Amino acid sequence: MNNAKLIEVGQAFLAEHPVGAVLTGMQLLRWAEARGGGSYLESDLLIDRVSLRLSAIRRHLNATGASRDLPEANRFCVGFTDRSRTNFVVRNLRLPLAAGEKRQRRLRPAPLLDLLNAAPPPADQHSGDVAEGSPCDGSQPDENMLLMLRAAVKTAGRAAGSMSELARVLGLSSAAIAQWKRIPAERIVEIERATGVRREVLRPDLYQGPTLINALAIVRAEGYRVVKPRTSKHFRRPKPKDRVGPTFVCEFADGTRTRMSVFSSLENLDWGRGERLSIAAYQSRWRMRALAQYHKQNGGLRLTRWQYRESAINLIAPVPPAIIAAHFEQDGQMLAQRTNGSAP
């Protein structure tokens, strides 16, 4: 077994499985049994566990594909298709560059806004001057469109510097431009060249920008990936609590009273939840009293977490006494009451 034989086996593997080929673990094992004789793959097949056997075969194939004795076009690596690590895929391998060697940088796609701004108008749109009496201008625009057309006149004036400057560029008087409710169709191309404002902005009733389908096609053609947004299945934002639940007031047989807010609907009060919270509050008070007594007896010495684990003090709270009375209240009004665990 030598490296030359392993390189020969690796090139045979690449010839039968070109870059991009996907194969299962069983297919890889069968190929190694048929073509791996006389190389390190022959000893890999003697491993008992199938997962370790596949890992050893993949490791030796990757070592072969990364050899600098091979031209860059013949270098490869065997990777996994997904996290399950059940299927394998053959990929092209790019090794680190040698000293003084430079790799050509991949050109980044153009920014999205530049792509959409440079997009040509749809085929059915006008490409030059449009006469005022053209068929596309025959329909009466609605109120929103009229507002957009009047705003477009002001936009062209701001782009030119002022209305007077726009009138000077067009060879008109300021009074004539002040009477425009919309930019005349025969002036669209001239104003677009002078101000840089696109014709879709100057006359949206005559020209339309690229549709969503055309814009997506342009973006995809430049190498961008367009996917729909989706929410994660593992993380969901908790619903906000728009109300504060009623207060559960509980009285124990030894005279201790607890007050706990319970997240419960007013129509169906959760008595069991209120009792569990009251018992937990009772036991918490008992532990706090036990700790305070321990600190007082030991001169304010506090317990470390190791002393908690070594049971330096017994913090196991006793079973609370029986509940003799309980009721729900909210905003000073009693909603329901129970005595000795039964409804009145």
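Annotations
- Three-way shape label, the range 3-92, alpha-carbon gyration tensor, a/c 1.5: oblate
- Gain on full stretching of the segment that runs from residue 284 to residue 86 - 0.36 nm per residue minus C-alpha separation: 66.1 nm
- Listed from fewest to most Cβ neighbours within 10 Å, the set 84, 174 follows the order 84, 174.
- Cβ-Cβ FRET estimate between residue 295 and residue 259, R0 fixed at 41 Å, reported to 0.05: 0.95
- Pairwise FRET efficiency - residue 227 versus residue 12, Cβ, R0 = 45 Å, nearest 0.05: 0.70
Just so you know, all these numbers are worked out from the coordinates, no wet-lab data involved. None of the values given here were measured: they were computed from a predicted structure. Neighbour counts run over all protein chains shown; Cβ positions are idealised from the backbone, glycine included.
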